[in-house]
Amino acid sequence: MNNVLVSLKELLNQCKKNKTAIPAFNVYNLETILSVNQAANNLNRPVIFSFGESYLDDLPLELIALNIRFLAERSQQPMVLHLDHAKNMSTITRAIDCGFTSVMYDGSHLRIEENIKNTRAVVEIAREAKVSVEGELGYMNPEDGSQNDEPSSAETSEFTRPELALKYVTETEVDALAIAIGNAHGLYRGEPHLEYSVLAEIAALTDIPLVLHGSSGIPAEQIKKAINLGICKINVNTELALGAVESIRRSIKISPEVNSLRYEKLIRQTKADLVLLIEEYLKLTSN
Ligand code: 13P
């Protein structure tokens, strides 16, 4: 059976029923795309390719869409092409036009009423194109793992507030909700601590597939517990971004002499190492 790209809603609603989750891996070049594709096909697992608005200066999202659609059409696994952390409507419409099957509108830095208004506008546009929408509520640091200098409002600080999550989900009708329960983008300073009671309360109130950003560095047992309580999508970037560089460092250490290491050989090794890292997350989320 050949596949085309499926919507996030289709995959995550199934996860919600089965208390499972699917990882979303950030991709930003052909090597990361091919590695995610290879790992998913090796293990026969559905997967989410995630392209962030912040990579737009590096390459056009149309190019990403073409590559991923080509692979998805030849894969046996359901695959989603997702736009990660978009703050601009123009990026969202561009992604929908070129075949993304899911978009995330990130209005988590805004006051709730404005976040709801903007998210609702995205849902209306996306729904016509049968594209899913992920929204976010609660404070998180920026996607690159840096710290936010801007003071956050009472509504966006700390953890996602369950009663606001209910209001947000009801009024926007998003298909998935990213929450803040102690998770953070990038490296954790100490042992991550997820606030399971907040997660359980949101899951009980909203009945919507929940998303855990900043999953790199969270111990496997904590991720499993979060999945059991309603997390249906785990976002992974830092582990791969740092893992690829670590692989390159190893290759250079093995062949330190000038002209002893060719680029094509280097990226072959990097891809192989990335596949192993990606497979770990796919195994972690399979029942
Ligand atoms: P990490 O970089 O911490 O893995 O988080 C990724 C993420 O949440 C992308 O949206």
Q) Can you sort M79, M104, M89 by how many other beta carbons sit within 10 Å, fewest first? A) M89, M79, M104
Q) Relative contact order, percent, of the chain when contacts are C-alpha pairs under 8 Å separated by at least 6 residues? A) 21
Q) Using 0.36 nm per residue, how much length does the chain from Q76 to L59 gain when fully extended, once their Cα-Cα distance is taken away? A) 3.4 nm
(Q) Over the chain, with a Gaussian network built from C-alpha contacts below 10 Å, which listed residue (S255, S102, S54) shows the highest mean-square fluctuation? (A) S255
Q: Give the cross-link partners of K265 among the lysines, using a straight C-alpha distance below 25 Å as the criterion and excluding same-chain residues fewer than 8 apart.
A: K253
Q. Going by how many other beta carbons lie within 10 Å of each one, how would you line up R69, R249, fewest first?
A. R249, R69
Q. Using 1/(1 + (r/R0)^6) with R0 = 45 angstrom and r between the beta carbons of E246 and T93, what's the FRET efficiency to the nearest 0.05?
A. 0.75
Q | Net charge dipole size for the chain [Lys, Arg +1 and Asp, Glu -1 on Cβ; Debye, nearest 20] | A | 1040
Q. Full extension from T170 to L266: what is 0.36 nm times the residue separation minus their Cα-Cα distance, to one decimal in nm?
A. 29.7 nm
Q. What residues qualify as long-range amide H neighbours of V103, i.e. H under 5 Å apart, gap of 5 or more or another chain, H built at 1.01 Å from N?
A. L83, S132, V133, E134
Q) Let a ≥ b ≥ c be the square roots of the eigenvalues of the Cα gyration tensor of segment 81-120; is it rounded (a/c under 1.5), or, if not, prolate (a/b larger than b/c) or oblate? A) prolate
(Q) Suppose a student asked you for the relative contact order of segment 100-239, using Cα pairs under 8 Å spaced at least 6 residues apart; what percent would you report? (A) 22
Q.
Of L43, L261, S146, which is farthest towards the positive pole of the chain's charge dipole, taken about the Cα centre with +1 and -1 on the beta-carbons of Lys, Arg and Asp, Glu respectively?
A. L43
Q) Does anyone have the angle between helix 8-18 and the longest principal axis of the chain? Alpha-carbon axes, 0 to 90°, nearest 10? A) 80
(Q) Using 28 Å as the Cα-Cα cut-off, could you pick out the over-long pairs in K87/K130; K16/K117; K19/K130; K117/K225; K9/K283? (A) K117/K225
**Q.** Segment K17-E124, extension gain: residue separation times 0.36 nm, minus the distance between their alpha carbons
**A.** 36.0 nm
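Every number in this text was worked out from the coordinates using simple rules, so none of it is lab data. This one's a predicted model, so the numbers in the text were calculated from it and none came from an experiment. Every residue, glycine as well, gets a Cβ built from its backbone with ideal geometry; the counts of neighbours run over all protein chains shown.
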